[in-house]
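The values are calculated or read from the model by the stated rules, or taken from the named source; none is laboratory data. This one's a predicted model, so the numbers in the text were calculated from it and none came from an experiment. Here the Cβ is made from the backbone with ideal geometry for all residues, glycine too, and neighbour counts use every protein chain on show. What goes into the accessible areas is simple: the full protein's heavy atoms, side chains included, and nothing from ligands, DNA or RNA. Shrake-Rupley method; radii C 1.70, N 1.55, O 1.52, S 1.80 Å.
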Amino acid sequence: MIYALLGWVAAAIQAEPANPNVPDHNPTLVFPQFVPGQPIRLVAYGDTRFTDPAVTSGTNPRVRKWLADRIADENPDALLLTGDTPFIGSSTADWQVFQTETARWREERILQLPAPGNHEVRGDRNVGIANYLANFPAVAKHRYYSALLGSVEVISMDSTLPTAASSTQGKWFAAQLNNVPHQIEFLFILFHIPWVADRQSQIFVGIPDPESIALRDILEARLARIRAKVVVFNGHIHNYERFERRGVEYVITGGGGAEPYPLLFRGRADLYQDAGFPVYHYLTLEVSNHQVHAVMWKVKDPDAGTLSVEQKDEFTIRAAKQAKAETVKTQ
């Protein structure tokens with residue numbers, strides 16, 4: 001199936017498996033404008049909660065809108081959105097605010113690759129998902145999908161559906177991991193609920209939850225056969241955290257405008273130890289020369305008359321299987 005998205009052409013590969021009971025291992029979407037080996041610039045962030053700008057409880061409309069514009073200024077080729085894009089998923093008005101405040105993303109033809117969060121199904125669940133799919137045409141009505149971008153593959157999972165190994169989504173995920181295309185150097189996985197989290201979230205709110213751990217287990221059981229380096233991007237926690245586990249980088253990026261969650265303490269496993277609060281932020285990801293260079297940009301002072309960002313974390317991941325993430329800077 002070939003469809004046009006604001007001048008960007010994407011080929012959606014949806015080959016039917018020979019046995020309908022066997023999960024499809026083929027890529028869901030292929031974006032041929034990305035060529036293996038070609039540099040790619042991406043931005044990852046989430047938990048924006050777009051809604052009426054008059055609403056200031058639970059979301060910060062000024063910072064939210066400024067970040068959306070700032071991300072457009074970064075001129076990424078693609079956005080990785082970790083969920084909770086609207087405040088209320090079933091609200092057409094909230095999605096209209098999303099369209100208005102992110103208009104530059106479409107004007108500049110930035111590919112948007114989202115994952116649904118719990119706010120996408122807030123209100124009426126079915127209406128919320130229908131709104132979500134309508135507002136992200138690039139995913140061609142897929143609630144979970146894989147997308148090929150040259151040497152990068154993005155696998156986006158739906159946290160509002162069952163994720164156990166025996167579930168339809170769990171089987172599909174396993175099949176995708178078993179068949180990562182040979183040209184893929186970096187595999188980016190999107191899922192709203194964190195798969196690894198700091199001690200505070202583990203103790204007080206039970207994150208990661210069993211559904212997230214189920215997907216993490218599916219991944220870890222296959223790491224030995226996956227040539228690509230894997231980075232998992234999560235949201236839900238309105239802060240920034242970063243971990244390394246079994247050679248996989250786990251990044252929680254939930255600073256897109258939702259009410260910040262204070263982190264009372266950071267465990268030693270968290271590779272980001274800065275105690276500053278709040279942490280409204282986004283990440284830039286530069287993929288080139290067989291490596292990913294990631295930078296976390298934090299809003300310096302959300303109450304300042306003129307908003308600005310400062311670099312607060314930086315790490316590089318090399319494509320080689322044995323290479324570990326190198327932390328360059330944490331302030």
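Per-structure values
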| quantity | calculated |
| --- | --- |
| Test for THR85: is it within 29 Å of VAL309 (Cα to Cα), without any contact (Cβ under 8 Å) to a residue 60 or more places away in the chain and buried (at least 17 other Cβ atoms within 10 Å of the Cβ) | yes |
| Scope the range 95-111; condition in a helix (DSSP H, G or I), under 20 Å from the mean Cα position of the chain (by Cα) and either touching a residue at least 40 places away in the same chain (Cβ under 8 Å) or closer than 15 Å to GLY257 by Cβ (or both); matching residues | TRP95, PHE98, GLU101, TRP105, ARG106 |
| Checking ILE203 against (1) touching a residue at least 12 places away in the same chain (Cβ under 8 Å); (2) open to solvent by 10 Å² or more (accessible area, probe 1.4 Å); (3) among the aliphatic types (A, V, I, L, M), the condition it does not meet | (1) |
| Selection within the range 30-47 - in contact with a Pro (Cβ under 8 Å, 6 or more places away or on another chain) and of a type in the set (D, E, K, R) | ARG41 |
| Tally of residues being in contact with a strand residue (DSSP E or B) (Cβ under 8 Å, 6 or more places away or on another chain), part of a loop (DSSP other than H, G, I, E, B) and at pLDDT 95 or above across the range 1-50 | 11 |
| Which numbered condition ARG225 misses (of (1) within 20 Å of PHE204 (Cβ to Cβ); (2) out of contact with any Gly (no Cβ under 6 Å at 6 or more places or on another chain); (3) not β-branched (Val, Ile, Thr)) | (1) |
| The lone exception for VAL154 - which of (1) touching a Leu at 6+ places or on another chain (Cβ under 6 Å); (2) on the phi > 0 side of the Ramachandran plot it fails | (2) |
| Test: residue in the range 60-79 that is within 18 Å of the chain's Cα centre (by Cα) and on the phi > 0 side of the Ramachandran plot | yes |
| Any hit, the range 210-229, residues being under 20 Å from ARG122 (Cβ atoms), in contact with a Ser or Thr (Cβ under 6 Å, 6 or more places away or on another chain) and of a type in the set (D, E, K, R) | yes |
| Residue check, ILE110 touching a Pro at 6+ places or on another chain (Cβ under 8 Å), aliphatic (A, V, I, L, M), within 17 Å of ARG41 (Cβ to Cβ) and at pLDDT 95 or above | yes |
| Test: residue in the range 266-284 that is of a type in the set (A, V, I, L, M, F, W, C), in a helix (DSSP H, G or I), open to solvent by 20 Å² or more (accessible area, probe 1.4 Å) and without any contact (Cβ under 8 Å) to a residue 24 or more places away in the chain | no |
| Residues located in the range 140-169, provided they are surrounded by 22 or more Cβ atoms within 10 Å (Cβ to Cβ), part of a loop (DSSP other than H, G, I, E, B) and of a type in the set (A, V, I, L, M) | MET157 |
| Among (1) outside any loop (DSSP other than H, G, I, E, B); (2) over 23 Å from ASP47 (Cα atoms); (3) not hydroxyl-bearing (Ser, Thr, Tyr), the one test that PHE188 misses | (2) |
| Scope the range 61-74; condition surrounded by 23 or more Cβ atoms within 10 Å (Cβ to Cβ) and not in a helix (DSSP H, G or I); matching residues | none |
| Flag if PHE34 is touching an Asp or Glu at 6+ places or on another chain (Cβ under 9 Å), open to solvent by less than 10 Å² (accessible area, probe 1.4 Å) and either on the phi < 0 side of the Ramachandran plot or not basic (Lys, Arg) (or both) | no |
